[in-house]
């Protein structure tokens, strides 16, 4: 029976994970790394057995989630040591921006504070848990330089353990103990909710803090952890971005009321249309409109009946030049850069216009000075399109949309939906590939779809290749994406080779709430390789990822909303990050905070992982005194207060020695001697009488 059960178990595991089998990763000269197939944290850290749960450099007998003293105060000071790869420095800054967008967590350059995080390149990817108050390392070692890995390690630093450590995990996942590498079983321990709290959130298969199925496995194709709902077997361990629950937990743990860089967003689902107002100086209105088969909204893409709204300006009637203006509420920026992202659709003839304006303070406190920022002219293509508009505002302002009827024969409308305004710079390149399922079906393996050329802020021209059916013959189920330099109008004055630049490509998740997007982001940095020399009209070598993202993952979430794939890209100068390390200033010793050490002297504590123990060590627990002695604590040390009686008292470290009072002892001896003398006298008298 046991043998049959064993065979059945193996069959189940192999059946579930046939798709997860280890593949030989392509690392040819034009691949930055293995993309979606690159090693994860536990593979990178294999052999670093001093780490708890694979990437935690701390004994788990303390929990920052429950220990208020180990929570950070924001902003968190940080140091980027010069041991880091340049690409790692860039993705660390990307990760900071994700925290600022979704939470109240913030970071600042180190300026002598006692608590700080020092990002450094040691062996592997790991972090301590919680604020140690003396400065601490986060290691971003070789192959750890992705935004998602940095986000994961920073969640540890903020006080979070892995998802499958929860006390209720056995209701949601199964641990296959027989398949775990010898000596690694402790990494699958679970902890009671008085040690690791879930902050009143559900078990999260999508958490960026979850183990992957093959974690610590001794057989490369047999998993150690599977999910109770089979669909999530291919979800756990995702390394795209924070999940919605990850962000909920951070915001609950740190009592976040607002985020730092999200100024406004609206999908027009509520009747108050996010506080936007109609301008009275125009001659038409924008109308909140329910999605219908002829005009589906962008938020829900027409998937839900009687749901989904957008704003509509009808251009089918009225005089040429008739317009409608829709204004935002008053906004108060903290930075001097903003990016307005929105979706629009122009179903009329070519010539209708959508103009983006801002109003700013006129000097009297009234927001009324208008300035036109960007104009979009309809081209007759009645499809939902994405737009990004850079704003540069430093004072309170409103943004607004003006729709204009451009032709007397126009018979359609202008629609807008899913607005997002963040305090960030818009991407240099935005490429929307319409009807991607058709492109996927008709593009042969190894054949790229090539973008137009874009310009970054410096003036470099670049483009993107997408391989819908795969770039490498061994990986037809993966979409490949590569970056290349174009010959541009500024080439004569640009620096060549274009070294120390970070190329970042993003496959965008089109969730209407920017805080919930889980886009796929990959980056690399350029060097002195000839591929980054000045390109010609026919040259420009590509470099990127043969396995950027699997088609299976691309078809999940909202990567292909309305059958459109949206790709953004940047090419940023990181020269200013080559030298970033600063010396650590020694802090004055105190009773609470030990003296800080230079970054180079910070080392992981060589503590052996062990099961949860008592939070506080009581020197008097249990009581080690005997003979009725009482243990007392003085300056952290235990001593025994020994018992005594009328005749005896106890001494010794544990009250183990019995003593008799000297006065009592003398009386006893004298009494005994007197008794003997008296007895002898009595016997003498009796004998004489006889």
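Here, each number is a calculation from the coordinates, and none is a lab measurement. Given the structure is predicted, the values throughout are model-derived calculations rather than measurements. Quick reminder, even Gly has a Cβ in these numbers, built from the backbone with ideal geometry, and neighbours come from all protein chains shown.
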Worksheet item: Going 7 Å from the Cα of residue 277 in the Cα-to-Cβ direction, what parts of the range 354-370 have a backbone nitrogen less than 15 Å from that spot?
Response: 359-362, 365-370
Worksheet item: How long is the range 129-281 along each principal axis, judged by its Cα atoms, biggest number first, in Å?
Response: 75, 43, 35
Practice prompt. Write down the radius of gyration of the range 355-497 and its Dmax, each obtained from C-alpha positions, in Å.
Written response: 20.3, 66
Practice prompt. Calculate, in nm to one decimal, what residue 383 and residue 573 gain on full extension: separation in residues at 0.36 nm each, minus their alpha carbon distance.
Written response: 64.9 nm
Practice prompt. Could you tell me what % of all Cα pairs in the range 67-152 have separations over 15 Å?
Written response: 56 percent
Item to complete: Multiply the residue separation of residue 231 and residue 201 by 0.36 nm, subtract the distance between their alpha-carbon atoms, and state the gained length in nm to one decimal.
Response: 8.8 nm
Fill in: Burial ordering of 436, 462, fewest other beta-carbon atoms within 10 Å first
436, 462
Worksheet, complete the sentence: Here D for the range 39-258, in µm²/s, from Stokes-Einstein with a Kirkwood Rh over Cα pairs at 10 °C and 1.306 mPa s, works out to 90 µm²/s
Practice prompt. May I ask for the Kirkwood hydrodynamic radius of the range 283-324, worked out over all distinct Cα pairs and given in angstroms to one decimal?
Written response: 11.3 Å
Discussion item. From the convex hull of the Cα coordinates of the range 262-422, what is the mean projected area in square nanometres?
Written reply: 9.1 nm²
Worksheet item: In which sequence would 231, 475, 191 go, from the one with the fewest C-beta neighbours within 10 Å to the one with the most?
Response: 231, 191, 475
Worksheet item: When Rg is the radius of gyration of the Cα atoms in the range 228-345 and Rh is its Kirkwood radius, what does Rg/Rh come to?
Response: 1.07
Worksheet, complete the sentence: Fewest to most Cβ atoms within 10 Å: 359, 405 sort as 359, 405
Worksheet item: Which value in nm describes the separation of the simple spin-label points at residue 254 and residue 408, placed 7 Å from the Cα toward the beta carbon?
Response: 6.0 nm
Fill in: Projected label distance in nm at residue 134 and residue 452, using a 7 Å step from Cα toward the beta-carbon
5.8 nm
Worksheet item: What do the square roots of 5 times the Cα gyration tensor eigenvalues come to for the range 134-201, in whole Å, largest first, as semi-axes of the equivalent ellipsoid?
Response: 24, 18, 12
Fill in: Largest to smallest principal axis extent of the C-alpha atoms in the range 429-577, angstrom
43, 36, 24
Worksheet entry | Ratio Rg/Rh, restricted to the range 505-582 and using Cα atoms, in which Rh is the Kirkwood radius | 1.07
Worksheet item: Extension gain residue 30-residue 494, at 0.36 nm per residue separation less the Cα-Cα distance, in nm?
Response: 164.7 nm
Response to the item:
The FRET efficiency for residue 85 and residue 294, from their Cβ-Cβ distance with R0 = 30 Å and rounded to 0.05, is 0.05
Discussion item. Quick check: convex hull of the Cα atoms in the range 399-474, volume per residue, rounded to a whole Å³?
Written reply: 209 Å³
